[in-house]
1. Select, from Arg256, Arg202, the only residue that is basic (Lys, Arg), part of a helix (DSSP H, G or I) and over 26 Å from Gly93 (Cα atoms).
2. For the stretch 78-106, how many residues meet the condition of being at pLDDT 90 or above, hydrophobic (A, V, I, L, M, F, W, C) and in a loop (DSSP other than H, G, I, E, B)?
3. Are there helices (runs of 4 or more DSSP H) fully within the stretch 426-520 with at least 3 residues that are over 20 Å from Gln194 (Cβ atoms) and either β-branched (Val, Ile, Thr) or out of contact with any Phe, Trp or Tyr (no Cβ under 9 Å at 6 or more places or on another chain) (or both)? List them.
4. Regarding the stretch 370-381, can at least one residue be identified that is crowded, with 16+ Cβ neighbours inside 10 Å and modelled with pLDDT of 95 or more?
5. Out of all the residues in the stretch 266-318, which are polar (S, T, N, Q) and closer than 21 Å to Met502 by Cβ?
6. Does Pro361 meet the test of being in contact with a Ser or Thr (Cβ under 7 Å, 6 or more places away or on another chain) and surrounded by fewer than 16 Cβ atoms within 10 Å (Cβ to Cβ)?
7. Considering only residues of the stretch 217-234 that are within 23 Å of Thr24 (Cα to Cα) and touching a helix residue (DSSP H, G or I) at 6+ places or on another chain (Cβ under 8 Å), which is surrounded by the most Cβ atoms within 10 Å (Cβ to Cβ)?
8. Does Glu262 qualify as being over 24 Å from the mean Cα position of the chain (by Cα), surrounded by fewer than 22 Cβ atoms within 10 Å (Cβ to Cβ) and of a type in the set (D, E, K, R)?
Amino acid sequence: MSKEVLINVKNLSVAFRSGGGTTTTAVKGVTFKINKGETVALVGESGSGKSVSALSILRLLPYPAASHPTGEIFFEGKDLLKTSEQDLKRIRGDRISIIFQEPMTSLNPLHTIERQVGEILALHRGLSGQAARARVIELLTKVGIPEPEKRLNAFPHQLSGGQRQRVMIAMALANEPDLLIADEPTTALDVTIQAQILELLRNLQREMGMAMLLITHDLGIVRRMAERVYVMQSGSIVEEQPTEALFASPQHPYTRHLIAAEPKGKPPHFDAASPVIAETQDLKVWFPIKRGFLQRTVDHVKAVDGVSVKILAGQTVGVVGESGSGKTTLGLAILRLISSSGPIVYLGKRIDGLTSKEMRPLRREMQVVFQDPYGSLSPRLSIFEIIEEGLLIQKPEWTAAQRREQAAKALGEVGLDAASSLDRYPHEFSGGQRQRIAIARAMALEPKFIVLDEPTSALDMSVQAQIVDLLRELQAKRNLAYVFISHDLKVVRALCNYVIVMRNGKAVEEGPADEIFTAPKADYTKALLAAAFDLKVAHRAAIAG
């Protein structure tokens, strides 16, 4: 018996008109349907048109810059593209809801949790006062927020990433919609939180009988959650199959490319007798908690609490753990970018007592690459000016021609064409290209030691694999020492020789990467590995098979 169709998208196109009057077609004649109670995945890399197609269902694109040259979107027999704005308001948040990728930008930072969830109930159900509060508490309980009564007056910044996403889910499900659009709902979350959120969505869907449109680039999530899959590339749907059939026998080359895109390989071999580049002993970073009129210190947040690290030339030390575990704080402390206590030794010399002026000559050799390349590259500077900045400070005797030559060499090393890149700006590049530019900026100074802070987490799977390959090549070529900070254990396994697992500021387990991945001892490490790789068992089998 065929299922009843809930959403039927026919020949949908989406065009965007720029300020200069040029028009770009982002979606080209896309057709797909979602049945009642069904989970459908829309997959593809950044820029493929997934989110634009989904946002068109609720007409949430920036109109009039966005337009639909062709297409119809039928919901219960009505074309949503021709529905009045008044009727559409009644559908949004009631019959059809949406969860976005980054809850911090979706939640109002000035409103409490109770007000934000209650607003939806007031708009569509007319609930207020005690009735609304009771429903908000019920929803927060349902999505797994602990002690929900105590969270009603909290603001978004006072919640963790996972809790914020749960609040977004509570808002989306407040009126028990027929369709939930989940746009990369777990990309910004740790692996253990990701597993919890996916399980929560699946349970709530089963309980409420709603349909779900899941937008993602992670095929491991698709394999676990979806019944049918549409694969998008460059604005078009290139393949549609039931999930099991798609993984067992992908038909389109792009689908096969996506399935095979997981970071692979092993880190470069390094000599255990190599010199020690950087080392810490019992390193601590404690932030004071001050209270009262006189702001006395009453306690400390122990972001890093007695961690010892040793990094050899040619070695990659992976630091893993959930958000708030102290990973990034540890990396910044080793680089002397934040205050800490405990010895920090670089090339045999203690640097923890050096002033910022005394540290400056060492900055050339100790570099950092951050998670978000768009946030770490100035939008006002050209690529040459971005790379040149460090050279102006560290190589003041160089001429402009020498600096340009070094910048071009660095871009060439990371696989970008210098001639066509140096005079362009960050917004003109893709996420993967921007991360290559951030790596080139570090490499231009010819460092010995680099802290890589989640450098692949914001990237598509295939681009992640490319960046991992690039980092391995550069390490082998220059005998670089890396500290690689991540919560993505697939990437860590492909890149790191040694792993430190952190939780609440402490190292709960450490050892050679092979030992950590094959025979973890700590329960917390086992939980991290289970969350990261349970989603991937069938995925790996499909790749191998």
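The values are calculated or read from the model by the stated rules, or taken from the named source; none is laboratory data. What you see is a predicted model; the values in this text were computed from it and never measured. Note: ideal-geometry Cβ built from the backbone for every residue, glycine included; neighbour counts use all protein chains shown.
1. Arg256
2. 2
3. Once the helices (runs of 4 or more DSSP H) in the stretch 426-520 are filtered for at least 3 residues that are over 20 Å from Gln194 (Cβ atoms) and either β-branched (Val, Ile, Thr) or out of contact with any Phe, Trp or Tyr (no Cβ under 9 Å at 6 or more places or on another chain) (or both), what remains is 431-443, 461-478, 513-518.
4. No.
5. Answer for the stretch 266-318, where residues must be polar (S, T, N, Q) and closer than 21 Å to Met502 by Cβ: Thr280, Gln281, Ser308, Gln315, Thr316.
6. No.
7. For the stretch 217-234, the residue satisfying everything is Val231.
8. no
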